[in-house]
1. Quick one: what pairs do we get from the range B:262-285, first residue under 13 Å from A:THR217 (Cα atoms) and free of Cβ contacts under 8 Å to residues at least 24 places away in the same chain, second open to solvent by 50 Å² or more (accessible area, probe 1.4 Å) and of a type outside the set (Asp, Glu), C-beta under 7 Å, 6+ apart or different chains?
2. Within the range A:266-300, how many residues are within 12 Å of another protein chain (Cβ to nearest Cβ) and among the β-branched types (Val, Ile, Thr)?
3. Name, by its number, the condition in (1) in a helix (DSSP H, G or I); (2) surrounded by fewer than 18 Cβ atoms within 10 Å (Cβ to Cβ) that does not hold for B:THR124.
4. Would you point out which residue out of B:VAL245, B:VAL219, B:VAL289 is in contact with a His (Cβ under 7 Å, 6 or more places away or on another chain) and surrounded by 16 or more Cβ atoms within 10 Å (Cβ to Cβ)?
5. With the requirement that a residue be in contact (Cβ under 8 Å) with a residue 12 or more places away in the chain, farther than 14 Å from B:THR217 by Cβ and not charged (D, E, K, R), what does the range A:190-232 give you?
6. Scanning the range B:167-226 for residues that are of a type in the set (Gly, Ala, Ser) and part of a loop (DSSP other than H, G, I, E, B), which turns out nearest to the other protein chains (Cβ to nearest Cβ)?
7. Please determine whether any residue of the range A:148-165 is out of contact with any Lys or Arg (no Cβ under 7 Å at 6 or more places or on another chain), β-branched (Val, Ile, Thr), more than 7 Å from chain B (Cβ to nearest Cβ) and open to solvent by less than 20 Å² (accessible area, probe 1.4 Å).
8. What is the number of the single condition among (1) outside the structural domain of A:ALA181 (by TED's automatic domain parsing); (2) touching a helix residue (DSSP H, G or I) at 6+ places or on another chain (Cβ under 9 Å); (3) buried (at least 16 other Cβ atoms within 10 Å of the Cβ) that A:ALA229 does not meet?
2 protein chains.
Amino acid sequence: MAGPPVCVLGLGLIGGSIVRATAAAGREVFGYNRSVQGAQGAQSEGFDASTDLAETLTRAAHTGALIVLAVPMPALPNMLAHIGDLAADCALTDVTSVKRAVLDEVEAAGLQTRYVGGHPMTGTAHSGWSAGHGGLFARAPWVVSVDNHVDAAVWSIVTALALDCGAVVVPAKSDEHDAAAAAISHLPHLLAEALAVTAAEVPLAFALAAGSFRDATRVAGTAPDLVRAMCEANTSQLVPTTDRVIELLGRARESLAGNASVADLADAGHAARTRYESFPRYDIDSIVVGAENWREQLAAAGRAGGVIRSALPTLDSRQ
Amino acid sequence: MAGPPVCVLGLGLIGGSIVRATAAAGREVFGYNRSVQGAQGAQSEGFDASTDLAETLTRAAHTGALIVLAVPMPALPNMLAHIGDLAADCALTDVTSVKRAVLDEVEAAGLQTRYVGGHPMTGTAHSGWSAGHGGLFARAPWVVSVDNHVDAAVWSIVTALALDCGAVVVPAKSDEHDAAAAAISHLPHLLAEALAVTAAEVPLAFALAAGSFRDATRVAGTAPDLVRAMCEANTSQLVPTTDRVIELLGRARESLAGNASVADLADAGHAARTRYESFPRYDIDSIVVGAENWREQLAAAGRAGGVIRSALPTLDSRQ
């Protein structure tokens, strides 16, 4: 299916890569970027880009485009206000790494009816239009929200975007996505940073550090502003996750000091890692979008390792 | 210089690799292994190996060999008792990852006069004679102890062994080595395990986990017995190191919950990682072994990033 035109707001690493990937998939796509540099970068490679937000949103409204929010978190409220004024009926998604915070902003702007959150789980260490490329999403997981408010038609439109970009779609509730991101992405940043600080205080540590320490602290090399943006937007999930890891470390510490044993943590950690290595993956292909309990069925399938590799049947297509 | 014969006790990954590397360097080398399998493995590749401990130690005493303890920690007391009976005058070193615990055992056996601890900082995920190879130590750091009791002549013999194996020598005090190992090796195991357990409890986490989580939990795949052996032998250093990381995480948690900010940890962690990346390395070549304060000079040089790549001058060689 061709799908509606795609209107990308923000032509950085992710937004710029979506422009390239959707164009390559034969979709009509146009973009907006606040800075002239990003828009000119896109134009110079033959893409349809503007620095005029009102003009871009008016065009989106007239063409029934899917609007993709690809701007940083702090720019969201202002952007949503403009969309509410000029393109409130367009299908709307985003590519931000924390889903509850974005949903709250969307609801505050009164735009939740046509909104389905998204998160392509990929990236590079670089940013900006020039860092992007059309293959960025190839085979990467792209979370598409199945929150209670989600409309089946908009959900199919957003899922088609992710598939057109070459990603595999993992359906998930926003809060579950954020809890998972806290555990697998945000907490590892805090651990790497705490480890780097701890080792820096031991005189001989850097002199002896080698491969495993370098690996364990690698993400502490991420720019502090990026780490803060991720972690601080996910405070409600990251606080209890951090509490849990502190509890586990505290118990191991007591067991080590009291009984010279770390058996419990060593056994549990090895078992958890082994479970992760053997975590099953399978294709979701038979859930009907829009059927009774479709959102809950998709959320359960995503939790169980299911991914979507091609468009699912819809109630309409089966009638 | 040729150096004395090398007598390796224990022909596993490290001991077996020392046999191969020293033979390749032209040294006379013979080994002992408790199990027939390991000894036969060495013999079948043309090396001089035995399952008779008394015979091996008697030969070491007669030839003035350097004895290398390459057995697991629990086997040390019994092995040291036999050395005390049959080869008490031989120079003695070890390859164990925790140096204070070994030094305590050596002192308990009354063998510290001719003992200089060592720790080649390399390895693979596999174990046993068949996992070893002569290139295992190439350019790897090999810590050689400069504790207060260390004899200059024995120190030169042990350093020559490490250099003959292709390693670079980092001189260090045993307690400083153990504090560094707690921070760069043992604590990372606890963190990886606590992270794996935490993520395993979050329903969607494994479904979304990708490269960075896999890297962050990789060492949780290590066999629990090996993790316990390392961590539990280094309890006195690992407890305060774990306390420190819990303190840093606890502060970040309070700052996140109270002010929605992880600025302090993000900034400090990034700064520490940046310092690690730019940690200087240089060659130690002018410190005279046996001269006044030579042990303290070497310990300070090791802390500052100094490594030894060829034999240092000794008081004898300069006279």
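The values are calculated or read from the model by the stated rules, or taken from the named source; none is laboratory data. Predicted model, so just to flag it, every value in this text is computed and none were measured. Neighbour counts are summed over all protein chains in view; Cβ atoms, including those assigned to glycine, are modelled from backbone coordinates with ideal geometry. With ligands, DNA and RNA removed, areas are computed over all heavy atoms of the protein, side chains included. Shrake-Rupley method; radii C 1.70, N 1.55, O 1.52, S 1.80 Å.
1. Listed pairs, sorted by first residue: B:ALA266/A:ARG228.
2. Looking only at that region, the number is 2.
3. Result: B:THR124 fails condition (1) only.
4. Details: B:VAL245 fails: in contact with a His (Cβ under 7 Å, 6 or more places away or on another chain); B:VAL289 fails: in contact with a His (Cβ under 7 Å, 6 or more places away or on another chain).
Going through B:VAL245, B:VAL219, B:VAL289 in turn, just one is in contact with a His (Cβ under 7 Å, 6 or more places away or on another chain) and surrounded by 16 or more Cβ atoms within 10 Å (Cβ to Cβ): B:VAL219.
5. Just the residues of the range A:190-232 that are in contact (Cβ under 8 Å) with a residue 12 or more places away in the chain, to begin with: A:190-193, A:195-196, A:199, A:213, A:216-220, A:222, A:227, A:229-231.
Filter again for farther than 14 Å from B:THR217 by Cβ, leaving A:190, A:193, A:196, A:199, A:213, A:217, A:220, A:222, A:227, A:229-231.
Selection gives A:LEU190, A:ALA196, A:ALA199, A:PHE213, A:THR217, A:ALA220, A:THR222, A:VAL227, A:ALA229, A:MET230, A:CYS231.
6. Let us first name the residues in the range B:167-226 that are of a type in the set (Gly, Ala, Ser), namely B:167, B:172, B:174, B:179-183, B:185, B:192, B:194, B:196, B:199-200, B:205, B:207, B:209-212, B:216, B:220-221, B:223.
Checking the rest, the ones that are also part of a loop (DSSP other than H, G, I, E, B) come to B:167, B:209-210, B:223.
Details: B:ALA167: 12, B:ALA209: 5, B:ALA210: 6, B:ALA223: 7 Å.
Among them, the one singled out is B:ALA209.
7. Within the range A:148-165 (the criterion being out of contact with any Lys or Arg (no Cβ under 7 Å at 6 or more places or on another chain), β-branched (Val, Ile, Thr), more than 7 Å from chain B (Cβ to nearest Cβ) and open to solvent by less than 20 Å² (accessible area, probe 1.4 Å)), the answer is yes, since at least one residue qualifies.
8. Result: A:ALA229 passes all but (1).
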